[in-house]
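Colleague: Next up is a structure, given as structure tokens.
The values are calculated or read from the model by the stated rules, or taken from the named source; none is laboratory data. Since the structure is predicted, the reported quantities are computational estimates derived from the model, not experimental observations. Note that each Cβ is placed from the backbone with ideal geometry, even for glycine, and that neighbours are counted across all protein chains shown.
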Amino acid sequence: MSDDPIREWILSEGKATEITRISSVGGGCINRANRYDTDAGSFFVKTNRSIGPSMFEGEALGLNAMYETKSIRVPKPFKVGSLPTGGSYIIMEFIEFGASRGDQSVLGTKLAELHKAGKSEKGFGFDVDNTIGSTPQVNTWTSDWIQFYGEHRLGFQLQLARDQYGDSSIYDKGQRLVKSMGPLFDDVIIEPCLLHGDLWSGNISSDKNGEPVIVDPACYSDFRLRSPVFLRSASFLFPPTSCSLPPLSSSLPLFIPFFPFDADTERPTTVVGEVASGTKGMQARASDGHNEAEFGMSWCAGFGGSFYNAYFEVMPKQPGFEKRRDLYLLYHYLNHYNLFGSGYCSSAMTIIDDYLRFLKA
Ligand code: ADP
């Protein structure tokens, strides 16, 4: 077992002969991040001292699937492994981010290219279950999208709300919506597309050439409710100003005690560890779903007209897109309700009530 698998990988498969500098990178939510400068270029390394490699394997799976589409820029994942002192690491391509978020129309085009290139033949789902925040996402492959979205997305969240809050009102009405939402999909051709799954402004950037970059896909994890993985979606902690529904700050103390790893206040220089597994050959997808579901976090993404126009040039807008938009927001509002409490309940309930009226259900 090597004491420093990160250094070892960089100096062997990473093809460097010298690591010239290791500097910390801020801005992350749960992991310690470092930039390794070498004579073979720079590497981006995240470590977590408490969580095993499954979380980073999930991140690598999602990144790799998106990377292979050769559409929107994502960092190429190189290596995932365990640290001998506990915890895990991921090594990936270092991307020099630019000053701005980049051209919105290019982002729209590139995202649509990702969706178009990542068409799945397996149906809707994923090769493994994963999480959205800390909430489990069941990804059992399903041939019918309406069934998948009704059961594994909305239905799962509704059940969770009933289980943890005893909220049978939202459960009952939500289930009525699930049973009656079919007509919202009339005349739509729904193909399973590779989705990022957690596309909000904190996960969207641009490189120094202005090319859009997306990071941190909703990824596979072994962890379940109240695990630290919920913090992966930084919107829960640090909502961008574009959020129309900022998370309740009063909910934060509820979750902070469940943050069992170091607060990353030290500046690491080297990390010790053991190589456990690589990312080579990983073919799973971030998730395969209806492309419109990618806009479920649009209330925190700041997409404007030029973004959507460019997107629809490549992935034409399907009939009834506007009718379904709130249905896709609903999943994320329900998830926020389940993670942060009642502040999100009324938004979710309003969407459900509006649909029940519209559908006369
Ligand atoms: P965490 O897993 O802790 O949420 P992030 O994935 O958000 O960490 O990464 C931490 C910071 O590093 C982010 O602010 C992001 O800007 C930056 N970052 C993420 N991926 C890369 C990369 N491949 N190259 C350079 N910087 C990156």
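A quick yes/no check of all residues on (1) within 18 Å of Pro192 (Cβ to Cβ); (2) modelled with pLDDT of 95 or more; (3) within 15 Å of the chain's Cα centre (by Cα):
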position: Lys122; (1), (2), (3): yes, no, no
position: Val128; (1), (2), (3): yes, no, yes
position: Trp141; (1), (2), (3): yes, no, no
position: Tyr149; (1), (2), (3): yes, yes, no
position: Phe156; (1), (2), (3): no, yes, no
position: Ala161; (1), (2), (3): no, yes, no
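Colleague: Same structure, new question: Quick check on my filter: what residues within the stretch 54-74 are outside any helix (DSSP H, G or I) and surrounded by fewer than 23 Cβ atoms within 10 Å (Cβ to Cβ)?
Modeller: Matches in the stretch 54-74: Thr69, Lys70, Ser71, Arg73.
Colleague: When the stretch 292-345 is examined, which residues are found to be among the polar types (S, T, N, Q), over 22 Å from the mean Cα position of the chain (by Cα) and in a helix (DSSP H, G or I)?
Modeller: Within the stretch 292-345, Ser306, Asn309, Ser342 qualify.
Colleague: Now, a different point. Here are some residues: Gly26, Gly62, Gly102. Which one is farther than 29 Å from Asp288 by Cβ, small (Gly, Ala, Ser) and within 14 Å of the ligand (Cβ to nearest atom)?
Modeller: Every option except Gly26 fails the conditions.
Colleague: In this structure, is Phe44 of a type outside the set (A, V, I, L, M), modelled with pLDDT under 95 and closer than 27 Å to Pro212 by Cβ?
Modeller: No; evaluated as a whole, the condition is false for this residue.
Colleague: If you don't mind, another one. How many residues are β-branched (Val, Ile, Thr) and either closer than 19 Å to Ile352 by Cα or out of contact with any Gly (no Cβ under 6 Å at 6 or more places or on another chain) (or both) when one looks only at the stretch 137-159? Steps first, answer last, please.
Modeller: Within the stretch 137-159, the subset β-branched (Val, Ile, Thr) is 138, 140, 142, 146.
Those still in the list that are either closer than 19 Å to Ile352 by Cα or out of contact with any Gly (no Cβ under 6 Å at 6 or more places or on another chain) (or both) too: 138, 146.
Count: 2.
Colleague: Quick check on my filter: what residues within the stretch 302-341 are hydroxyl-bearing (Ser, Thr, Tyr) and without any contact (Cβ under 8 Å) to a residue 60 or more places away in the chain? Quick ask: steps written out before the conclusion?
Modeller: Our first condition is that a residue be hydroxyl-bearing (Ser, Thr, Tyr); within the stretch 302-341, this holds for 306, 308, 311, 328, 331, 333, 337.
Result: Tyr328, single match.
Colleague: Restrict the check to the stretch 39-57 and report whether at least one residue is within 10 Å of the ligand (Cβ to nearest atom) and acidic (Asp, Glu).
Modeller: no
Colleague: So, in the stretch 84-100, how many residues would count as being within 18 Å of the chain's Cα centre (by Cα) and of a type outside the set (Val, Ile, Thr)?
Modeller: Residues that pass the stated criteria total 1.
Colleague: With respect to Ile10, determine if the residue is crowded, with 20+ Cβ neighbours inside 10 Å and over 23 Å from Pro212 (Cβ atoms).
Modeller: Details: crowded, with 20+ Cβ neighbours inside 10 Å: yes; over 23 Å from Pro212 (Cβ atoms): yes.
Yes.
Colleague: Of everything in the stretch 184-238, what is among the β-branched types (Val, Ile, Thr) and modelled with pLDDT of 50 or more? Give them in sequence order.
Modeller: Val188, Ile189, Ile190, Ile204, Val213, Ile214, Val215
Colleague: For the stretch 25-45, how many residues are surrounded by fewer than 19 Cβ atoms within 10 Å (Cβ to Cβ) and either of a type in the set (A, V, I, L, M) or within 23 Å of the chain's Cα centre (by Cα) (or both)?
Modeller: Qualifying residue count for the region: 8.
Colleague: Can we say Glu113 is of a type in the set (D, E, K, R) and either within 16 Å of the ligand (Cβ to nearest atom) or surrounded by 22 or more Cβ atoms within 10 Å (Cβ to Cβ) (or both)? Walk me through it before giving the result.
Modeller: Working: of a type in the set (D, E, K, R): yes; either within 16 Å of the ligand (Cβ to nearest atom) or surrounded by 22 or more Cβ atoms within 10 Å (Cβ to Cβ) (or both): no.
No, not satisfied.
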